[in-house]
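The next block holds one structure in the form of structure tokens; read it before the comments.
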């Protein structure tokens, strides 16, 4: 994510969230052997329930994958020049791995902590597909789409378990 998502509600009451996403490409120049890098910025538009989820769970710097369709809009600028913008209209989203220092917008896995393997801080540490939720555009929106109320186990908090 190149920036925090921006949400608004249309006059008809539909929620829409706009996301700026950066994609990087790295390669070696065949002639010189030098490392080359190119960054492209894309605008992604999510509607309805998916827009709500994106605005709650994504923040700048987090990884996410979007699937959708391309849509090109055009309009007349104030200078009289016709302008165009091609956007991805999101239909599906998959959250990337949770950052170690992510703030309140980070998602939680529905896998209990006791069932997860011990943390491995090596560069080859990978997250299994079961730990990364896939959220579809037509999925019903609940108070927390990742954790259902029936999955929450209430228990008393011990002060020594608090890390600060």
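Of note:
- Cross-chain or 6+ apart pairs with Cβ under 7 Å, segment 81-100 first and on the phi > 0 side of the Ramachandran plot and modelled with pLDDT under 95, then assigned to a loop (DSSP other than H, G, I, E, B) and surrounded by 14 or more Cβ atoms within 10 Å (Cβ to Cβ): none
- Inside segment 1-15, residues that are over 13 Å from the mean Cα position of the chain (by Cα) and within 15 Å of residue 66 (Cα to Cα) make up a count of 0.
- Condition broken by residue 33, with the remaining ones in (1) on the phi > 0 side of the Ramachandran plot; (2) at pLDDT 90 or above satisfied: (2)
- Every residue from segment 23-35 that is over 26 Å from residue 62 (Cβ atoms) and either touching a strand residue (DSSP E or B) at 6+ places or on another chain (Cβ under 9 Å) or part of a strand (DSSP E or B) (or both): 28, 29, 34
- Subset tally (residues that are within 19 Å of residue 7 (Cβ to Cβ) and either touching a helix residue (DSSP H, G or I) at 6+ places or on another chain (Cβ under 6 Å) or assigned to a loop (DSSP other than H, G, I, E, B) (or both)) for segment 57-87: 5
- Flag for residue 7 being part of a helix (DSSP H, G or I) and surrounded by 10 or more Cβ atoms within 10 Å (Cβ to Cβ): no
- Unique match (being surrounded by fewer than 17 Cβ atoms within 10 Å (Cβ to Cβ) and touching a residue at least 24 places away in the same chain (Cβ under 8 Å)) among 41, 66: 41
The values are calculated or read from the model by the stated rules, or taken from the named source; none is laboratory data. Quick caveat: nothing in here was measured; it's all calculated off a predicted structure. A quick note on method: Cβ atoms are made from the backbone with ideal geometry, for glycine too, and the neighbour counts reach across all protein chains shown.
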